[in-house]
Structures are given as structure tokens and as C-alpha cells.
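The values are calculated or read from the model by the stated rules, or taken from the named source; none is laboratory data. Nothing here was measured: the structure is a model prediction, and the numbers come from that model. Reconstructed Cβ throughout: ideal geometry from the backbone, glycine too, with neighbour counts over all protein chains shown. To get the accessible areas, we keep the full protein, side chains included, count just its heavy atoms, and leave off ligands, DNA and RNA. Shrake-Rupley method; radii C 1.70, N 1.55, O 1.52, S 1.80 Å.
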Amino acid sequence: MQSLSLTNQHLDIRQLEINPNHWYVIAKSSEVTTQPLSVTLWNQPIVLYRDDSGEVYALEDRCPHRQVKLSHGRVIGDRIECSYHGWQFQSSGECAVVPYLAANQKLPNCKIRSYPVKEQDGFIWLFPGDVEKLHLEQIQPMGVPEWEHLNYIATVSIIECKAHFSYLIENLMDMYHGHLHQDWQAWTDAMLEDIEEDANRIDAHYQVQSYYRIDKIWSISQLFFPALRRLHPEPLHVSYVYPHWVSTLGKDFNIYCLFCPMSETETRAYLIHFTSLNAFWRLHKLPVWFRRFVKNSLFGSAQKLLDGLVRQDVLMIEEEQQAYLNHPERKSYELNRALVSVQRLITSQAEQG
């Protein structure tokens, strides 16, 4: 195969911005309470909070009075109160209360930005784009349908890496890097068979040798005892559904990576691993309460595996970022056609934003 050179022009991808006209994941549902939570999405400080009824809101994380963080304050009803002088702001961003306002004074005409948010599939999705120019109802979060499905057991690992988001998505789309993981390796001998590409997504289809097959009750023990693993061929499909990633390994495993790019050199993401119980058709005859008990009891059962993979990947991704910062003029070389497609999509999306 001919070597595909990533030129200096391509290296500029490490400085490209996100396309804000998509839904990004900024927190797990369980992280958001009536205590304000500070998050960052592409250099934008945001405060998340719940009101007394459980509704989630997102505002610019600053009080326009003295520009301090609202996330240091507290929630009162559906309002958030600044800790400095007690100014309160409605969930829409308008100033609602100034406790020392004189009788002859009006509330200041200041407003901070509010963001559309959705709580869906165990996560908080936020839309940072220009809602006035778009039909927001036509743009929906990618979603994670397995989250509530009783046949799927979930494990979540949070990825924190000091690198541009392009490095992480390239890592996820490149199945040739299984060599890195050794004891944590879930597959080997990857071979890229086909790529499909359009304006919003890339689908790369690999054939691999998988270590896991969940088809009998005893086979679940492979997840806990590596000595029981046996290689067998499986299709491995990975998709960049901008700005997120989804993968399926055979019929047994579905994996998502939900992105929250924080800056040009910092990325947060949520890696969600689902083990399918679809092979056990008798489970469908059991009471729903029991199936939900099994699902909840086994939550996080792949944590050791998933966290091990993440640690090794983050180490390499951060080394890539540092090498670029030290020598941005150096040219990289790539043999995987899927990564060339990834860079093309990131560039196209940045231009649209």
C-alpha cells in the first residue's frame, strides 16, 4: 500500500475548532445535582444545575456583575445565586434578583447566555451552536439506546487527555493499534476492508480476531479470566458520527465514545462499553424487575478492562500532542485510509462551524 503522507497543511488539523452546531455530552446525569457544576466545552465555561423538580439547566458560568463564577454559588428554585453579592439569575439567563436593590432602582439589564440541554440515555447533552439560525428540533443528539435496554450491561470510563480531540478520534478509528494494549487487548490482526464516507460520518469496516464471545452462560467468565479467552474471527465496525464515535465488535459488544472537547489541547470524553446478553433468549421470559436487577448489579463489570485500555491510549495520545507542540513542522506518515478520511471530515466540519 502506498504511504499516505500527512503534510504540514494536514497537521494544522491540531488547531481546528469544533463545529458547534451539534449536540455534545458535557456530563453524566448523576454528576448534575442542585449543587452547581462547572464544566468547559471548547473554551466556554458553563455551569450546570438542577432545580427542585429535577430539570437541568445550563448557563454561561459568570456573573455579569463582577465576572466571577456562578458555579461557586447556590441554586434557589430554578434560579442560580452568585456567591459574591447574591445576585440571582433565571434559567433563561436574565437577572431576577439583586438583594440590595433600592426602591427607585430597576434590575440591571444584563443577561448571560443560556444553552439548550437534554438529559438523555444517562448523559447531559448540550448544544453550543447558534439556535437562532438553525431549526434545533431537526438536530438531535446521537443517543445511546442500549443505556436503558435490559439486554445490555454498561461500563463507563471517563477519558481525560491533554490533547486536541482529533488525536483521540484517530486513535478510536485506527484498529491497527491493538498492538499497544497487550494484556488488555480485545482483538488482534485487524484488517481494514471498506470505508464509507459522507458529510457527517465515516464508517470503517474491519475484520479482526476477537478474544471474546458471549454465547453461553460460562462464556461470560472470559471477561474476568484472561486464560479462558480464545481467538475467533469477528467483524469490527467503527464509525465517526461527528462529533462522537460508535463501534460494534461482532454481536456481543457495542462501544460509544461521547466527546466534550474542552480546548485545543484538552479533551474530555465518556467511553461506554456494552456487553450484550441477547444470546440468552431465556432471559426475556424473566420478570422485568429481575432483569433490571441483573443489569444494575453488573454495571461496571468491565471497568478494569476499560480503564486499562484508556490509560494506555491516553499515554500515547498525549505524547502525540506534545510531539506536535515541540515540532509542528515535522511530517507524519499514515498507512490507514480511515484516518485520512477522519481528518477530511474534521476539516469539513470546522469550516461549516
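Quick look at the values:
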| read-out | value |
| --- | --- |
| Cα-centred dipole magnitude for the stretch 10-77, charges only on beta-carbon of K, R (+1) and D, E (-1), debye, nearest 20 | 240 debye |
| The chain: Cys lacking any partner C-beta under 4.7 angstrom | 95, 110, 161, 257, 260 |
| Per residue accessible area in Å² of the chain, where ligands, DNA and RNA are left out and the probe is 1.4 Å | 50 Å² |
| Area accessible to solvent at residue 147, 1.4 Å probe radius, in Å² | 50 Å² |
| Per principal axis, descending, Cα span of the chain in whole Å | 78, 60, 34 |
| The chain: Lys pairs at Cα distance under 23 angstrom, eight or more positions apart or on different chains | 20 |
| Size of charge dipole - the stretch 151-207 - debye, nearest 20, with Cβ of Lys, Arg +1 and Asp, Glu -1, no other charges | 340 debye |
| Principal-axis tilt of helix 288-297 within the chain, Cα atoms, nearest 10 degrees | 90 degrees |
| Accessible-area order (highest first, 1.4 angstrom probe) of the listed residues 144, 117 | 117, 144 |
| Charge dipole magnitude, Cβ of K and R +1, D and E -1 - the stretch 43-92, Cα centre, debye nearest 20 | 260 debye |
| Shape call, the stretch 230-353: gyration tensor on alpha carbons, a/c limit 1.5 | prolate |
| Ranking by accessible area, most exposed first, for 137, 197 with a 1.4 Å probe | 137, 197 |
| Protein-only accessible surface order, largest first, of 304, 111, 28 at 1.4 Å | 304, 111, 28 |
| On Cα atoms only, tilt of 337-352 relative to the major axis of the chain in degrees | 20 degrees |
| For the chain, calculated [θ]222 nm from helices alone, where every DSSP H run of n ≥ 4 adds -39500 (n - 2.57) | -5500 deg cm²/dmol |
